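The values are calculated or read from the model by the stated rules, or taken from the named source; none is laboratory data. Note that this is a predicted model, so its numbers are computed, not measured. Glycine also receives a Cβ, built like all others from the backbone with ideal geometry; neighbour counts cover every protein chain displayed.
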Amino acid sequence: MNTKFPKNFLWGGATAANQVEGAWDLNGKGPNLADAMVAGSHKVERKITLDINEDKYYYPSHVAIDHYHYYKEDIKLMAEMGYKVYRMSIGWARIFPNGDEEKPNQEGLKFYKEIFKELKKYNIEPLVTIYHNEMPLNLVKIGGWSNRKVIDYYVNFAKFVLNEYKDDVTYWIPFNEINDLTTGVGNWNHGGILNEGTETFQNQKDDPNKRFAALHNQFVASAKAVIIGREINKNFKFGTMICHITVYPLTPHPDDVLLTQQEDQLRNCFSGDVQIKGYYPYFMKNYFEKNNIKFECTDEDIKLIKEGVCDFYTFSYYMTNCITINKEVTQVSGNIMGGAKNPYLKATEWNWQIDPVGLRYTLNHVYDRYGVPIMITENGIGAKDVFENGEIHDDYRIDYYREHIKQMALAIEDGVDLVGYTPWTAIDVVSCSTGEMAKRYGFIYVDVDDKGKGTLKRYKKDSFYWYKDVISSNGEKL
Ligand code: BGP
């Protein structure tokens with residue numbers, strides 16, 4: 001297949017600090033939200049214990065894959081694959097252990113400086129997420145993102161890192177999957193909104209007033225970070241990060257079509273519009289009014305949101321869903337997202353519906369709406385890899401990526417300005433929704449299990465070699 005990727009296309013991979021680093025209480029790091037989440041599984045929801053009691057539970061992020069100590073080896077492997085870009089995040093509590101200090105933890109700053117140094121050695125461009133579900137636990141105790149004070153704490157954190165790494169990093173993402181708070185699912189590790197006495201996020205009572213206040217606070221915080229960032233270095237480029245769940249009407253019934261449009265507006269377009277166009281879209285004003293949702297939004301906030309828009313659009317893409325008004329239709333019981341089953345698609349073991357063509361559709365959809373450069377900052381398949389004699393034959397992962405990359409090439413032919421691709425993940429990580437290690441995503445296998453047992457040794461999966469060829473042929477050899 002003759003692919004059409006531009007010469008300087010940014011091939012790479014992604015991770016997030018809380019899912020890889022471990023070293024959760026080392027060198028001055030404070031506990032964050034992920035550190036308080038115990039391991040769940042495919043069927044068992046993750047609990048959160050504000051009182052971290054090591055003996056009673058296993059907390060996956062405490063060790064994770066110990067990237068904190070293995071980062072040199074990990075980055076070397078990424079370089080071997082030919083990465084041009086590496087998407088990673090900075091653990092807030094590693095820099096500000098309680099989240100609200102004025103002065104940063106120097107040890108924390110040093111750690112990321114070392115990472116950037118290492119990336120530079122191999123000419124790998126860092127793409128840095130400032131907030132990826134890593135709220136210092138102390139701030140969860142004051143209401144998480146629903147508390148307006150958190151805007152200032154985040155801005156202080158962002159200001160420090162933007163300044164500290166002004167010569168090391170050009171591409172920044174203020175928030176991972178900022179649209180998560182458009183549904184109740186976002187209350188948990190993204191929003192840090194935990195009702196008193198609640199042990200799990202998913203089962204707690206959702207308060208849309210609090211939730212949309214939290215989202216609004218993130219929009220304002222993001223805008224402020226962008227504005228400050230541009231003062232620090234005018235060459236900085238900022239990206240959105242939207243968890244884009246493309247939705248199709250289950251039937252051509254006009255009511256299904258209409259509901260699908262509304263779902264797309266709320267879940268996908270709303271947050272992109274705020275961060276790229278710089279204003280709350282008309283349909284959200286209507287949504288708030290109809291649902292009697294109220295939160296504090298000042299004139300100053302509106303001004304900031306207008307000024308602090310992002311330069312490029314990025315999104316995660318794992319699945320698509322079908323929407324219908326018919327309540328009788330069985331919903332897909334995926335771990336996070338609901339929606340009706342699409343009879344034309346296969347799903348992963350976790351019920352995430354695999355839809356490569358939907359990626360081309362999505363790319364056209366967002367490019368048409370925003371007209372700015374686009375990056376796919378997450379895309380991948382969680383699977384139970386079989387490890388035998390140091391080898392992992394993950395052809396299902398190769399198939400998954402092959403089909404998605406083909407559609408990316410077609411979208412580029414369509415005229416979409418797609419500039420980069422950082423699959424989830426570069427290396428096996430702790431699953432965010434389930435806390436499992438068994439739900440693996442990486443090109444690199446890490447020998448550690450759901451209980452944190454293993455040698456932590458790294459192994460190259462078959463997909464590692466395959467992706468290496470994809471990169472060296474700039475997407476020609478699939
Ligand atoms: C996204 C998160 C990632 C990642 C991914 C896969 O929502 O940004 O952090 O974890 O989903 O999800 P999971 O780990 O639950 O399979």
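State all residues of region 24-79 that are part of a loop (DSSP other than H, G, I, E, B) and touching a His at 6+ places or on another chain (Cβ under 7 Å); if no residue qualifies, say none.
W24
Give region 383-392 a look and list any residue that's more than 24 Å from Q353 (Cβ to Cβ) and surrounded by fewer than 20 Cβ atoms within 10 Å (Cβ to Cβ), or say none.
Of the residues in region 383-392, the ones more than 24 Å from Q353 (Cβ to Cβ) are 387-392.
If the condition is that a residue be more than 24 Å from Q353 (Cβ to Cβ) and surrounded by fewer than 20 Cβ atoms within 10 Å (Cβ to Cβ), then F387, E388, N389, G390, E391 are the ones that fit.
Are there any strands (runs of 3 or more DSSP E) wholly within region 416-478 with 1 or more residues that are within 16 Å of the ligand (Cβ to nearest atom), and if so which?
On the way: elements: 418-421, 444-446, 458-460.
Where strands (runs of 3 or more DSSP E) fall fully within region 416-478 and carry at least 1 residues being within 16 Å of the ligand (Cβ to nearest atom), they are 418-421, 444-446.
Output yes when any residue across region 330-352 is within 14 Å of the ligand (Cβ to nearest atom) and either closer than 30 Å to Y279 by Cβ or part of a helix (DSSP H, G or I) (or both), and no when none is.
yes
Restricting to region 362-378, name every residue that is in contact with a strand residue (DSSP E or B) (Cβ under 8 Å, 6 or more places away or on another chain) and more than 16 Å from the ligand (Cβ to nearest atom).
Hits for region 362-378 are L363, H365, V366, Y367, Y370, V372, P373, I374.
For I381, only one of the following conditions fails: (1) aliphatic (A, V, I, L, M); (2) in contact with a Gly (Cβ under 8 Å, 6 or more places away or on another chain); (3) within 15 Å of the ligand (Cβ to nearest atom); (4) not in a strand (DSSP E or B). What is its number?
Status for I381: all satisfied but (2).
Looking only at residues that are over 21 Å from the mean Cα position of the chain (by Cα) and in a loop (DSSP other than H, G, I, E, B) in region 199-223, which one is surrounded by the fewest Cβ atoms within 10 Å (Cβ to Cβ)?
K205
Do any strands (runs of 3 or more DSSP E) entirely within region 224-324 hold 2 or more residues that are away from the ligand (no atom under 16 Å from the Cβ), surrounded by 20 or more Cβ atoms within 10 Å (Cβ to Cβ) and touching a residue at least 40 places away in the same chain (Cβ under 8 Å), and if so, which?
Fully inside region 224-324 and qualifying: 246-249, 320-323.
Just name the residue that is nearest to Q275 (Cα to Cα) out of those in region 174-202 that are in contact (Cβ under 8 Å) with a residue 40 or more places away in the chain and of a type in the set (D, E, K, R).
E177
Would region 126-147 turn up any residue that is surrounded by fewer than 16 Cβ atoms within 10 Å (Cβ to Cβ) and either farther than 21 Å from I227 by Cα or aromatic (F, W, Y) (or both)? Full working, then the answer.
Our first condition is that a residue be surrounded by fewer than 16 Cβ atoms within 10 Å (Cβ to Cβ); within region 126-147, this holds for 141-142.
Now drop any that are not either farther than 21 Å from I227 by Cα or aromatic (F, W, Y) (or both), which leaves 141-142.
There is at least one residue in region 126-147 that is surrounded by fewer than 16 Cβ atoms within 10 Å (Cβ to Cβ) and either farther than 21 Å from I227 by Cα or aromatic (F, W, Y) (or both).
Assuming V38 fulfils every condition listed in (1) among the hydrophobic types (A, V, I, L, M, F, W, C); (2) at pLDDT 95 or above; (3) within 16 Å of the ligand (Cβ to nearest atom); (4) in contact with a Ser or Thr (Cβ under 7 Å, 6 or more places away or on another chain) apart from one, which condition is it?
(2)
Could you list, in sequence order, the residues of region 437-461 that are surrounded by fewer than 16 Cβ atoms within 10 Å (Cβ to Cβ) and charged (D, E, K, R)?
Once the filter is applied, which keeps residues that are surrounded by fewer than 16 Cβ atoms within 10 Å (Cβ to Cβ) and charged (D, E, K, R), region 437-461 yields D449, K451, K453, K457.
So which of D152, D180 is touching a His at 6+ places or on another chain (Cβ under 7 Å) and either surrounded by fewer than 16 Cβ atoms within 10 Å (Cβ to Cβ) or of a type outside the set (G, A, S) (or both)?
Answer to the check: D180.
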